[in-house]
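Here the structure is laid out as structure tokens; the discussion comes afterwards.
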Amino acid sequence: MAQMRFERAYALDDDDVRARLRALGDYWRAKHGITLRWTSEERVELEGSKLGVTFRGEVLVGDKRIRADMEANWMAKKLGAQAYVERKLDAYLDPATPLAALQARVPRP
């Protein structure tokens, strides 16, 4: 498994960031079957596998930074998993996008 690590600063308050990460988690769960489990207000574990792409890791929230440490298989790395996760984080942390709009992105069955 290959390591993926990254950080993002944010200007939003921590509660808003957690709500946005929950919206992203709902999107990933519905779209890709990824499991997210909040173990505290500052830490979420995630794990998923779809079509040969697997990864697992943790995301820490606090002090105006998101820190992610994930392991991904070679297929995830080859398909650009890190760039995808970074794009999604940037989009969901964009203060110009209302939380309701992010929540509306979740695919419905």
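No value in this document is a laboratory result; all are computed from the given coordinates. Please read all numbers here as calculations on a predicted model, not as lab measurements. Cβ coordinates were reconstructed from backbone atoms using ideal geometry, including for glycine residues, and neighbour counts include every protein chain displayed.
Using the beta-carbon distance between Thr35 and Asp63 and R0 = 30 Å, what value does 1/(1 + (r/R0)^6) give for FRET efficiency, to the nearest 0.05?
About 0.70, to the nearest 0.05.
Each residue of the stretch 95-109 was assigned a 3J(HN,Hα) from its phi angle through the Karplus expression (A = 6.51, B = -1.76, C = 1.60, θ = phi - 60°), giving x, 6, 9, x, 4, 4, 5, 5, 5, 6, 6, 5, x, 9, x Hz with x at Gly and Pro. Here Met75 and Asp15 are evaluated by their C-beta separation; at R0 = 41 Å the FRET efficiency comes out at 0.70. If only the Cβ of Lys and Arg carry +1 and only the Cβ of Asp and Glu carry -1, the dipole of the chain around its Cα centre is close to 560 debye. Rounded to the nearest 10 degrees, the angle from helix 81-92 to the longest Cα principal axis of the chain is 10 degrees.
Note on Lys78: lysines with a C-alpha under 23 Å away, same-chain residues under 8 apart excluded, are Lys31, Lys50, Lys88. Considering only Cα atoms, the convex hull volume of the stretch 2-103 works out to 85 Å³ per residue. When only Cα pairs below 8 angstrom with a gap of at least 6 residues are kept, the stretch 29-109 shows a relative contact order of 20 percent.
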